[in-house]
Amino acid sequence: MKKAQAAMNFMFNYGWAILVLAAVVSVLSYLGVFSPGESSVSSCMMGPGFACKNYKSTELMMTLSIINAVYDVSSVSIGFDGDIMECAAASATERVHTDFPETGVKTNKWWFNSTGTIDQGKSLALFTFSGCTLAGYAQSDFIIYYVIEGEEVYHTINGQANLHVE
């Protein structure tokens, strides 16, 4: 009988602790503590080979620069979607290659396509999405298709920008 009593005491003591912990985690989750897209800090992340630089969002526009970090690449296509699909226009300035388009084409994403070579360490462009109605936080997912110089195979990199609207 004493073993059963000890087991019941153990379950009640630790059961309450686990219940309180579950309640705290639930409240924190409800408040958005575990949602990276709703933090007050802006971030831009992507897979290896490319990097984000100089990203910012206001109520009317979003800008970000993407750098080719690893290889000389060609046949680059970048597609942006998410909150920026509400934007009226997309442009690329500070282009590293004249083949890179100045304006994006809007279909299922904002697309920018280039056939020229972009050297390692060079910025592809500064992408600006304007005519937006952004509030709070702006999120953009993007995908980059590219060919490494000397290869014939297309590679894919995904990225995401979660930006606090200033």
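Any read-out appearing in this document is the output of simple, stated calculations on the displayed coordinates, not a laboratory observation. Predicted model only: the values in this text are computed from it and were never measured. Neighbour counts run over all protein chains shown; Cβ positions are idealised from the backbone, glycine included.
Between helix 2-30 and the chain there is an angle of about 30 degrees, using the helix long axis and the longest principal axis of the Cα atoms. Take the Cα of Glu149, step 7 Å toward its Cβ, do the same at Tyr14, and the gap between the two points is 6.1 nm. Between Ala88 and Val25, the FRET efficiency estimated from the beta carbon spacing at R0 = 41 angstrom works out to 0.50. The calculated 222 nm mean residue ellipticity attributable to helices in the chain amounts to -6500 deg cm²/dmol, summing -39500 (n - 2.57) over DSSP H runs of n ≥ 4 and dividing by all residues. Listed peptides 9-17, 134-142, 45-53, 76-84 appear in the order 76-84, 134-142, 45-53, 9-17 once ranked by packing, highest mean of other Cβ atoms within 10 Å at the front.
Put simply, the C-alpha atoms of the chain give a gyration tensor, and the ellipsoid matching it has half-axes of 46, 21, 11 Å, longest first.
Sum up the lysine pairs in the chain that clear both bars: alpha-carbon distance under 23 Å and a spacing of 8 or more or different chains.
Qualifying lysine pairs in the chain: 5.
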